[in-house]
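Working notes for the structure below.
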Amino acid sequence: MIIEYFKMAFNSIRGAKFRSGLTMFGIIVGVSSVVSIVSLGEGVRQQITTQVGENSDSLILVRPGQQRDANAISLDAIGSFGANAGSLSEKDWKDTEQVEGVKSVVPVGVISGVAGYLDREYNGTIIASTSRLPLFLNQKIEFGSFFEAEDSDKKVAIIGREVAEQLFAESVPVGKRLTIRGSQYIVQGIFEQQNSGTFANINVNNSIILPYDSAKNIGSTIQLLQLYVEADSPEAVATTAESVRMTLKENHAGQEDFNVLEKEEALEATNEVFYQLTVFTAGVAFISFIVGGIGIMNIMFATVSERTREIGIRKAVGATNVQILGQFVTESIVLSIVGGAIGVLVSVVANALIRVTTDLQPIITPQVALLVFGLSAATGIVSGFLPAARAASKDPITALRTGN
Amino acid sequence: MSVIKIEEVSKLYGFGDATTVALDEINLSIEKGEFIAVMGPSGSGKTTLMNVLGLLDKPTHGAYKLNGRNVSRLTSNRRAKVRRDNIGFIFQSFNLLPKLTILENVALPLSYKGTRQTKRLKAAGNVLEQVGLSDRESYVPGQLSGGQLQRAAIARALVNNPSIIIADEPTGNLDSVSARVVMELLSDIHKLGNTVIMVTHNPSLTRYADRIIYMLDGSIVYDESSTVGEVPARVRRAVEALRHSDDDEKLANVSAMMETIPDKPADVELTEKQKKRAARKLKKARKNKKKNGKK
């Protein structure tokens, strides 16, 4: 019988395409906007999370500044750290390496300066770091390679995609020389395009990464913005982080003007943003489903009174009240589910457009699609029930007498 | 055993002073295989009787036994099921669903029974063949003539092998040729052993029936057997009486004729008490009618 209901529902929707389309419009708009927003958020979140790299579970971050600043980080520019910068020193780095449970420490420092090539200049972020940095960036080198540990004083540079295109005006400038503070650096590797804000607050697209020692040798001050601390094991992260904190506090004469963050804490800011986004989206979704549902209810009421005679005929040939109720509720469910499906399709198309036109990579997870389908069906049931109940309660004699 | 047995069935509408008696303690039993023509002026309770017999409506008082089973107090869902399994309806205005094909329309009662699609479409096809509409199976009602539509409706009424077929003025919307085809078909169905109850205003159609019931003000005032193929003398007389009347309007309104018919009370045996009660009710109803009319 349920299959029958669906057949009847599809028939009657097919019989009134335009009206059904209008009815579904509310649901379509609601679903597509909700799915798009959620998938955008999910895409960005996943990009940021994967940015942490494979050994992220044993990662501890040390950043300058007060605790509360940790949640105020911007997703993008490292430059925004300016205000906090400077409270970490090279001594902190070296001392951290000595802390028990620490496997390695990778510093991320910036130097001021402008990169030059021929008569062009590029004002990017010049980063000084060590050979283990790629472990924490999770960003592939597209051409060439990253520098090795023994190359720490060599004048080589790894550049981002934007640097390659804007400074060198070509896609693979490996082997070309660029000038920083009067010293020439050979481009050894080029990162592949980075598509989102980063977990590590480094936008590699506009970065030029130099070996730490060689950057120091060209006579610039290196501001340490971040220390990536790798603990021996994921289990040791908490205790190691505590030891690091103690050591640094000692170094800073008891002042805690730095942050020691475990991975979860570092992601907290990001997650907080997405949590709020999710709550907001849920609110929008709720409203749009209510509006869509009322639209459906309205049309179903109209349909029921328009089809009074049909209801009378069906009852006369033996349809029970329950069967009539089932028929109309199914019709409303089909309307809202088809609306939901069209909404998902619309957001798939919208996502494709977003992928093509921007750096964002929205992802529609099966959970979201399922949830939206469930919500659509629920909307159908709720908004179809009253009209269907009215249809079911019609007196067959009166209904048959209705002319049309 | 009678297919239908109703005892002292009344149907009242409204309440208090506005009560209208549509059926006034009617007793009737119908045997399997009868073809009954129900006649009477407008408002005499024919359609209400059909609705009660067809389980579209519940009697206010009285007992209704269909195939020996008391069905007068069933819930509406139960009534729907009994209707689905035991009763076939034929309406004046055909009442086919315009968006379904003829085949689907005919199969509709079976779909509420839960019969599988292939099986019910096959059954519908067989009945359509019986009524001579095999070549119109895939048409929608809008593409068929009135006579064909009524034959399709008859097929729908037959598809679930009902105990009774209720036809409410089946030829009322048809031209005389189509009406004749439809009546012949009903007659054939009757000859196959089906029980048919037909409401009609057309005296000449009584020739297809083997029993004729006249109703007036909610009571059966006359109930007689007749020979199939003949219009009973009483009806003939009435028609002739009308022909001699110079009131053209009365001639047009055949139902008005019925007022001139019987002076003999119904054949049904009533006790004195019942008669008194019936008379009282009738009086009250007439009084109400008058009162309402004045308003």
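The values are calculated or read from the model by the stated rules, or taken from the named source; none is laboratory data. All figures in this text were calculated on a predicted structure; none of them were measured in a lab. Quick reminder, even Gly has a Cβ in these numbers, built from the backbone with ideal geometry, and neighbours come from all protein chains shown.
Any residue at all in region A:271-289 that's modelled with pLDDT of 85 or more, aliphatic (A, V, I, L, M), surrounded by fewer than 21 Cβ atoms within 10 Å (Cβ to Cβ) and over 31 Å from the mean Cα position of the chain (by Cα)? Checked against the condition, which is being modelled with pLDDT of 85 or more, aliphatic (A, V, I, L, M), surrounded by fewer than 21 Cβ atoms within 10 Å (Cβ to Cβ) and over 31 Å from the mean Cα position of the chain (by Cα), region A:271-289 yields no hits at all. Hey, any hits in region A:15-28 for a residue that's surrounded by 18 or more Cβ atoms within 10 Å (Cβ to Cβ) and within 13 Å of residue A:348 (Cα to Cα)? For region A:15-28, residues surrounded by 18 or more Cβ atoms within 10 Å (Cβ to Cβ) and within 13 Å of residue A:348 (Cα to Cα): present.
Residues that are within 29 Å of residue B:216 (Cα to Cα) and either at pLDDT below 90 or not hydrophobic (A, V, I, L, M, F, W, C) (or both): does region B:94-103 have at least one? Within region B:94-103, one or more residues are within 29 Å of residue B:216 (Cα to Cα) and either at pLDDT below 90 or not hydrophobic (A, V, I, L, M, F, W, C) (or both). Consider region A:322-362 and keep the residues that are away from chain B (no Cβ under 14 Å) and closer than 30 Å to residue B:52 by Cα. The one that is surrounded by the most Cβ atoms within 10 Å (Cβ to Cβ) is A:328.
Could you check, for region B:149-163, whether at least one of its residues is within 18 Å of residue B:80 (Cα to Cα) and free of Cβ contacts under 8 Å to residues at least 12 places away in the same chain? Yes, that holds for at least one residue. Test residue A:284 against the stated conditions and say whether it is away from chain B (no Cβ under 14 Å), in contact (Cβ under 8 Å) with a residue 24 or more places away in the chain and under 15 Å from residue A:31 (Cα atoms). Criteria met by residue A:284. If you go through region B:171-221, how many residues are touching a residue at least 24 places away in the same chain (Cβ under 8 Å), assigned to a helix (DSSP H, G or I) and of a type in the set (Ser, Thr, Tyr)? Matching residues across region B:171-221 total 5.
Take region A:287-309 and flag every residue that is within 14 Å of chain B (Cβ to nearest Cβ) and part of a helix (DSSP H, G or I). A:303, A:306, A:308, A:309, listed by residue number. Looking only at residues in region B:160-170 that are in contact with a strand residue (DSSP E or B) (Cβ under 8 Å, 6 or more places away or on another chain) and part of a loop (DSSP other than H, G, I, E, B), the one that is surrounded by the most Cβ atoms within 10 Å (Cβ to Cβ) is B:170.
Checking each residue in region A:35-76 for being in a helix (DSSP H, G or I), modelled with pLDDT of 80 or more and of a type in the set (A, V, I, L, M) picks out A:35, A:37, A:38, A:40.
Of the residues making up region A:310-321, not a single one is buried (at least 17 other Cβ atoms within 10 Å of the Cβ), away from every other protein chain (no Cβ under 14 Å) and assigned to a helix (DSSP H, G or I). Among the candidates B:124, B:152, the residue that is over 24 Å from residue B:209 (Cα atoms), within 14 Å of another protein chain (Cβ to nearest Cβ), in a helix (DSSP H, G or I) and not hydroxyl-bearing (Ser, Thr, Tyr) is uniquely B:124.
Which members of region B:101-116 meet the condition of being surrounded by fewer than 24 Cβ atoms within 10 Å (Cβ to Cβ) and more than 8 Å from chain A (Cβ to nearest Cβ)? Hits for region B:101-116 are B:101, B:103, B:104, B:110, B:115, B:116. Considering only residues that are over 12 Å from residue B:213 (Cβ atoms) and among the β-branched types (Val, Ile, Thr), which ones fall in region B:7-57? Correct list: B:9, B:19, B:20, B:21, B:47, B:48, B:52.
For residue A:373, the requirement of being more than 14 Å from every other protein chain (Cβ to nearest Cβ), in contact with a Lys or Arg (Cβ under 9 Å, 6 or more places away or on another chain) and assigned to a helix (DSSP H, G or I) is not met. Looking for something without any contact (Cβ under 8 Å) to a residue 24 or more places away in the chain and not hydrophobic (A, V, I, L, M, F, W, C) - is there at least one such residue anywhere in region B:89-96? Scanning region B:89-96, I find no residue that is without any contact (Cβ under 8 Å) to a residue 24 or more places away in the chain and not hydrophobic (A, V, I, L, M, F, W, C), so the answer is no.
Residue by residue, here is whether (1) surrounded by fewer than 21 Cβ atoms within 10 Å (Cβ to Cβ); (2) more than 8 Å from chain A (Cβ to nearest Cβ) holds:
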| residue | (1), (2) |
| --- | --- |
| B:14 | yes, yes |
| B:21 | no, yes |
| B:32 | yes, yes |
| B:51 | no, no |
| B:59 | no, yes |
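Which members of region B:94-120 meet the condition of being within 14 Å of residue B:138 (Cα to Cα) and of a type in the set (D, E, K, R)? Even if it seems obvious, please write down each step before you answer.
At the first step, the residues of region B:94-120 found to be within 14 Å of residue B:138 (Cα to Cα) are B:96-107.
Of everything in region B:94-120, those that are within 14 Å of residue B:138 (Cα to Cα) and of a type in the set (D, E, K, R) turn out to be B:99, B:104.
Pairs linking a residue in region A:152-163 that is buried (at least 18 other Cβ atoms within 10 Å of the Cβ) and among the hydrophobic types (A, V, I, L, M, F, W, C) to a residue that is at pLDDT below 90 and assigned to a helix (DSSP H, G or I), with Cβ atoms under 8 Å and 6 or more positions apart or on different chains, are A:156/A:214; A:159/A:167; A:163/A:205; A:163/A:206.
Table: residues versus (1) in a loop (DSSP other than H, G, I, E, B); (2) closer than 15 Å to residue B:196 by Cα.
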residue: B:33; (1), (2): yes, yes
residue: B:51; (1), (2): no, yes
residue: B:74; (1), (2): yes, no
residue: B:85; (1), (2): no, no
residue: B:96; (1), (2): yes, no
